[in-house]
Each structure stands twice: as C-alpha cells, then as structure tokens.
1. Could you count how many residues in the stretch 141-157 are within 17 Å of Gln185 (Cβ to Cβ) and buried (at least 20 other Cβ atoms within 10 Å of the Cβ)?
2. Of all the residues that make up the stretch 66-89, how many are surrounded by 12 or more Cβ atoms within 10 Å (Cβ to Cβ) and either touching a Ser or Thr at 6+ places or on another chain (Cβ under 9 Å) or under 28 Å from Leu102 (Cα atoms) (or both)?
3. Pairs needed: first member in the stretch 147-160, within 18 Å of Phe73 (Cα to Cα); second member anywhere, among the hydroxyl-bearing types (Ser, Thr, Tyr) and assigned to a helix (DSSP H, G or I); C-beta distance under 8 Å; at least 6 residues apart or different chains.
4. Among the listed residues Thr13, Thr48, Thr64, identify the single one that is under 24 Å from Ala183 (Cα atoms), at pLDDT below 95 and among the polar types (S, T, N, Q).
5. Are any of the residues in the stretch 12-26 crowded, with 18+ Cβ neighbours inside 10 Å, polar (S, T, N, Q) and part of a loop (DSSP other than H, G, I, E, B)?
6. State whether one or more residues within the stretch 125-140 are within 19 Å of Asp58 (Cβ to Cβ), under 17 Å from the mean Cα position of the chain (by Cα), of a type outside the set (A, V, I, L, M) and surrounded by fewer than 23 Cβ atoms within 10 Å (Cβ to Cβ).
7. Checking Asp104 against (1) of a type in the set (Asp, Glu); (2) over 26 Å from Asn159 (Cβ atoms); (3) surrounded by fewer than 15 Cβ atoms within 10 Å (Cβ to Cβ), only one condition comes out false. Which one?
8. Only one of Thr226, Thr206 is more than 29 Å from Ala31 (Cβ to Cβ), at pLDDT 95 or above and not acidic (Asp, Glu). Can you tell me which?
Amino acid sequence: MLATTGIYHRLLTHKSYQAPILVLWVGSIIAASAGQMGPSWWKAHHMTHHQYVEQDLDPHSPYTPMQGIRGFFWSQGGWLLSSNFFPAKLPADVENDRFLKLIDRLHFIPVIALGAISYFIGGLEYLGAFFLSTTLLFHGVQTVNSLAHIFGTQPFITNDLSRNNGFVALITLGEGWHNLHHAFQSSSRHGITIRSGQVVYLPDVTFSFIKMLEFLKLASKLKLPTESRLLAACKEQNFEHSTSKVSAQ
C-alpha cells in the first residue's frame, strides 16, 4: 500500500517530493507486485481522473456513466472490465525512463513472483494469504475512487465531489483525505482539514513514510501548502466572507 500511495501516487504521479531514481524504481516494482499494474498505466489513469473529474472522460467516477449503487460498483472496480481499462495516452516522463517502461510492460512478473515466493515459503496457506491480501489491497485503493467521492466532508473549495473520508484514510494510509488532495494536488501531505477557522493536521501514514525517507536522505523538497493558502481555500471561511459582504451591503 505504501508503494502505491507514497511512490506511484505522491512521487511518480504528482511529484510532491523528490527522491533518488532507485527509490522510484524499487517502489514501482513493489507497487506492481501488489497487483497495481505498471507505472505508465497507473499514472495515465490518475492524471485523466484529475483532468476530467466527475465528467464523462473520468475513468472511474461514481457519478458517470451511471449513478447510485451501480455508480459505486463502477468506481469500485467495474470500470476495469470496460474499455476504460486502456488509457488513451501514456505519460511521456514515465515512457522516457527505460526501466520504468520495462516495469510497466512486464508488470505481471512482480505479482506472479510474489505469489510464487509466498507459496514456496508456506505452501497453499501462504498462497491463499497472498491472494486475500492482494484483493483487500485492491479494494482498499478503489475506495478512494468510490467512497471518497460519495461520503465525507468537503472543507476545501474544489470543482468536484472529492471528500475527506476518515475510514478510507485509515485503510489507505492517508489517501482518504481526498478533498485536500484535489484542492492541493502536489501536496506531499493529504491529512489536513480546517476546523473553526484553524488548520488541523490529521493522521497520514504515507506522509510519515515520506518524512522517514527524508530523514534517511532518500527524499527531499517536500511540497506543502502554507496555512494561508489552506485558509484561503477553505469553504467555511469563504462562506463567512461572502455572508459578511452581503450583510454590509
């Protein structure tokens, strides 16, 4: 999960911090071993999601092409069984890195290798644990597409229905603070909200992982929004400001 959230998402896709290329390569192999496909495929879909969020071209919105319970199942994994499985365009930066491109094209090898290692360590019981954990991880990641666009709070102004969802944040190591992520896509920390006009920092295991990498000199230049920018993007503050203007008039 950390390889998916900390490497595929926050490093590879949004470049919310910098790391040595070896960290990116090893992290991408681990993410592929978790059944998360290759780095080009993963980044292509996620960038398309941000570009067309809640619109027809969003590959996994719970609101389009269907809504309600069907929309939930679509965003939770049904989209992978459609033509949306194939991204329209692959990211040039990933494709220009020969090793990342190789991981992308051979993404099935790490996941098969992990299954084989599990079997050789502990037989069918460990192989069963491999399949169970891979399935749970897959559905955990998909809840960011589904639940974090349906249930939760929206402390920040965005042009979409992304939400901060504590349950999703728990099972995805911080990715469930999704409204903050859509408001500040390049932030290396997602666990932030606004309460009573104050910036509040929330548990974010992936950010703690990135800070550990920074301590080990394996991460640098972490991007974080200032508190003034966070407050400026706060729905509550902007609502109060608008109400004060109307009252004054």
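1. Within the stretch 141-157, the first condition is being within 17 Å of Gln185 (Cβ to Cβ), and the residues that meet it are 144-145, 148-149, 154-157.
With buried (at least 20 other Cβ atoms within 10 Å of the Cβ) added as a condition, the list becomes 144-145, 148-149, 155-156.
Total meeting the criteria: 6.
2. Residues meeting the conditions: 14.
3. Sorted first by the residue in the stretch 147-160, then by its partner, the pairs are His149/Ser75.
4. Numbers: Thr13 fails: at pLDDT below 95; Thr48 fails: at pLDDT below 95.
Every option except Thr64 fails the conditions.
5. Checked against the condition, which is being crowded, with 18+ Cβ neighbours inside 10 Å, polar (S, T, N, Q) and part of a loop (DSSP other than H, G, I, E, B), the stretch 12-26 yields at least one hit.
6. no
7. Failed condition: (3).
8. Working: Thr206 fails: more than 29 Å from Ala31 (Cβ to Cβ).
Selected residue: Thr226, the only one of Thr226, Thr206 that is more than 29 Å from Ala31 (Cβ to Cβ), at pLDDT 95 or above and not acidic (Asp, Glu).
The values are calculated or read from the model by the stated rules, or taken from the named source; none is laboratory data. The shown structure was predicted, so the numbers you read here are calculated from the model rather than taken from an experiment. Cβ: placed from backbone, ideal geometry, glycine included. Neighbour counts: every protein chain shown.
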